[in-house]
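Quick notes on the structure that follows.
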Amino acid sequence: MDDQGLDRIFNPRGVALVGASNDVRKFGNIFFSALLETGANVYPVNLKKKKILDRNAYPSVKDIPYDVDYAIISIPLQGIPEVIEDCGKKGVKGVSIYTAGYGETGTEEGKKREEELAETAKKANVRIIGPNCLGICSPTGKLVFLPGIPMERGDVGFISQSGGHAEEFAYEAGSWGIRPSRIVSYGNGCDVSCEELLDYLVEDPETKVIGIYIEGVEDGRNFLNTLKEATKRKPVVVWKGGVTEGGGKAAASHTGSLAGSSKVWEAAIKQSGAIMVNDRDELADQISAIKYLIRPKGRRVGIVGAGGGASVASTDVCEMSGLEVPVLEEETMRKLRGMIPPMGTSVKNPVDISYFLIFDFPLLKECTEIVAGDEKVDIIVAHVSHFDVMVKSIASIVEVIFETLVETKEIVDGYKKPMAVVLQPGGSTDIEMEKVKLRKRLVEEGMCVFPSIYRAAKSLANLAFFANHENSRYNWR
């Protein structure tokens with residue numbers, strides 16, 4: 001299918017919900033309720049009921065007297081081939097199939113059933129997303145798969161072989177400072193493949209950054225070639241599931257995928273110019289880093305604010321992740337000595353301001369400005385520790401921290417260097433709640449905020465690698 005055909009699926013004139021139900025325990029009710037929330041032109045299809053949630057229902061897709069480009073199917077698998085044929089006669093471009101019981105079962109019967117399903121769709125000229133999937137979330141097309149999903153339009157596309165991970169992304173992306181353009185749960189991928197979806201998002205003007213969760217592919221060479229071409233145009237972050245022996249077995253039973261060697265996948269994805277991550281947190285961190293940070297010129301990081309022990313740990317973590325923590329220029333250290341009291345501090349890098357930040361947090365801004373001007377530094381990390389002590393000592397410190405970090409970012413931007421913020425974990429629940437609110441405000445100001453130096457280091461190292469990869473010619477800023 002060409003991009004125009006897929007675009008009709010992501011931005012349909014009408015949606016048929018096959019298996020729509022008045023029973024709140026059934027997914028036909030959940031899917032239908034979700035689409036009613038968005039204001040989509042959705043038409044319930046039910047063989048027995050005349051009304052679904054007070055809307056006129058139709059016995060088949062063919063009987064809907066309106067344009068329908070996309071159908072969601074949530075019925076027992078025996079009736080699906082006939083529905084596909086009806087969709088073809090109606091002119092429906094594509095369907096997503098929630099129903100399971102196909103190739104993911106690992107049985108010959110299930111595999112044969114999936115092959116027959118794909119053949120039926122091909123004859124009817126209807127594309128299939130799935131089966132065994134949640135389908136599509138597309139704010140511009142008023143499409144969601146579950147109720148309560150935020151519909152604010154964004155610029156991050158996410159392709160997921162897992163429905164659960166697609167659901168998590170849809171609900172949680174906003175808390176990461178990410179807004180989706182398109183989310184696709186494609187399950188077994190018996191027809192529309194990950195490669196086709198990737199090609200579509202590369203051409204999609206709404207999408208600027210692409211994330212992928214994948215367990216396995218039919219044609220590894222084709223996938224990697226597609227990925228390599230995609231990274232020339234847009235940043236791509238790949239979360240590969242099933243990289244261990246146990247995970248591979250789980251992937252086979254989940255979507256019928258063969259996972260393959262983790263080392264082979266890692267090397268191949270790295271060679272393509274994409275960034276490989278290992279879990280949901282890394283995926284969120286990496287997309288946020290790409291979205292909010294200026295492209296780094298190198299791997300040398302200047303860390304400001306960390307305490308003594310945190311300085312050692314920060315250096316270890318950064319260098320183990322592939323970053324460098326250079327000793328600062330002598331002139332930089334001379335300026336810092338003139339500002340930071342000499343008791344229990346360090347000006348070498350990391351710049352340890354110790355407990356003096358508790359009583360003079362704006363000192364962080366002044367020190368960071370000096371470090372940002374150092375020619376040996378490509379990336380800045382503002383490491384805010386002692387959070388518990390600061391908040392307990394000075395009631396208004398959270399507002400001071402916010403204002404200082406926003407002003408610091410403006411200064412560092414002037415040096416055309418990326419600045420990440422680390423809000424070191426605290427001890428109490430109350431303090432953590434304050435940090436969550438602070439992080440949300442900082443993200444709204446366009447800042448990239450991490451909950452630990454470990455997570456920051458991994459994302460920044462990946463960012464530096466991607467920015468300077470020979471295959472990456474896309475400048476995302």
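The values are calculated or read from the model by the stated rules, or taken from the named source; none is laboratory data. These numbers come from a predicted model, not from an experiment. Here Cβ is always computed from backbone atoms with ideal geometry, including for glycine, and neighbour counts include all displayed protein chains.
Scanning the stretch 398-438 for residues that are surrounded by 19 or more Cβ atoms within 10 Å (Cβ to Cβ), part of a helix (DSSP H, G or I) and at pLDDT 90 or above turns up 401, 404, 405, 408, 409, 412, 438. Taking strands (runs of 3 or more DSSP E) as the structural unit, those lying wholly within the stretch 56-147 and holding at least 3 residues that are among the aliphatic types (A, V, I, L, M) correspond to 70-73. Of everything listed in (1) part of a helix (DSSP H, G or I); (2) over 22 Å from residue 164 (Cβ atoms); (3) at pLDDT below 80, the single unmet condition for residue 252 is (2).
Yes/no per residue for (1) of a type in the set (A, V, I, L, M); (2) under 32 Å from the mean Cα position of the chain (by Cα):
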| site | (1), (2) |
| --- | --- |
| 65 | no, no |
| 70 | no, yes |
| 73 | yes, yes |
| 77 | yes, yes |
| 94 | no, yes |
| 97 | yes, yes |
| 103 | no, yes |
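Selection of helices (runs of 4 or more DSSP H) fully inside the stretch 305-384 by the criterion of at least 1 residues being free of Cβ contacts under 8 Å to residues at least 24 places away in the same chain and among the basic types (Lys, Arg) returns 330-337. Per this entry, residue 350 is not counted among residues that are crowded, with 21+ Cβ neighbours inside 10 Å, modelled with pLDDT of 95 or more and not hydrophobic (A, V, I, L, M, F, W, C). For the stretch 171-189, a residue qualifies if it is assigned to a loop (DSSP other than H, G, I, E, B) and crowded, with 24+ Cβ neighbours inside 10 Å, and the qualifying residues are 186, 187, 188, 189.
With respect to residue 164, determine if the residue is of a type outside the set (Lys, Arg), surrounded by fewer than 17 Cβ atoms within 10 Å (Cβ to Cβ) and not in a loop (DSSP other than H, G, I, E, B). In short, yes. All of 44, 81, 65 fail the test of being under 26 Å from residue 182 (Cα atoms) and either at pLDDT 95 or above or buried (at least 22 other Cβ atoms within 10 Å of the Cβ) (or both), apart from 44.
Go through the residues of the stretch 31-40 one by one and say whether even a single one is in the same structural domain as residue 98 (by TED's automatic domain parsing), over 15 Å from residue 93 (Cβ atoms) and without any contact (Cβ under 8 Å) to a residue 40 or more places away in the chain. Spell out the reasoning first.
Start the filter on the stretch 31-40 by keeping residues that are in the same structural domain as residue 98 (by TED's automatic domain parsing), which leaves 31-40.
Add one more test, that the residue is over 15 Å from residue 93 (Cβ atoms), and what stays is 31-40.
Subset that is without any contact (Cβ under 8 Å) to a residue 40 or more places away in the chain: 32, 36.
Taking every residue of the stretch 31-40 in turn, at least one turns out to be in the same structural domain as residue 98 (by TED's automatic domain parsing), over 15 Å from residue 93 (Cβ atoms) and without any contact (Cβ under 8 Å) to a residue 40 or more places away in the chain.
Scanning the stretch 188-213 for residues that are closer than 26 Å to residue 281 by Cα and touching a helix residue (DSSP H, G or I) at 6+ places or on another chain (Cβ under 6 Å) yields a count of 10.
Looking at the structure I just gave you, is residue 60 buried (at least 20 other Cβ atoms within 10 Å of the Cβ) and of a type in the set (S, T, N, Q)? Spelling it out, it is not the case that residue 60 is buried (at least 20 other Cβ atoms within 10 Å of the Cβ) and of a type in the set (S, T, N, Q).
How many residues does the stretch 33-49 contain that are in contact with a strand residue (DSSP E or B) (Cβ under 7 Å, 6 or more places away or on another chain) and assigned to a loop (DSSP other than H, G, I, E, B)? Selection size over the stretch 33-49: 3. Evaluated against (1) in contact with a strand residue (DSSP E or B) (Cβ under 7 Å, 6 or more places away or on another chain); (2) not in a helix (DSSP H, G or I), residue 218 falls short on exactly one condition, (1).
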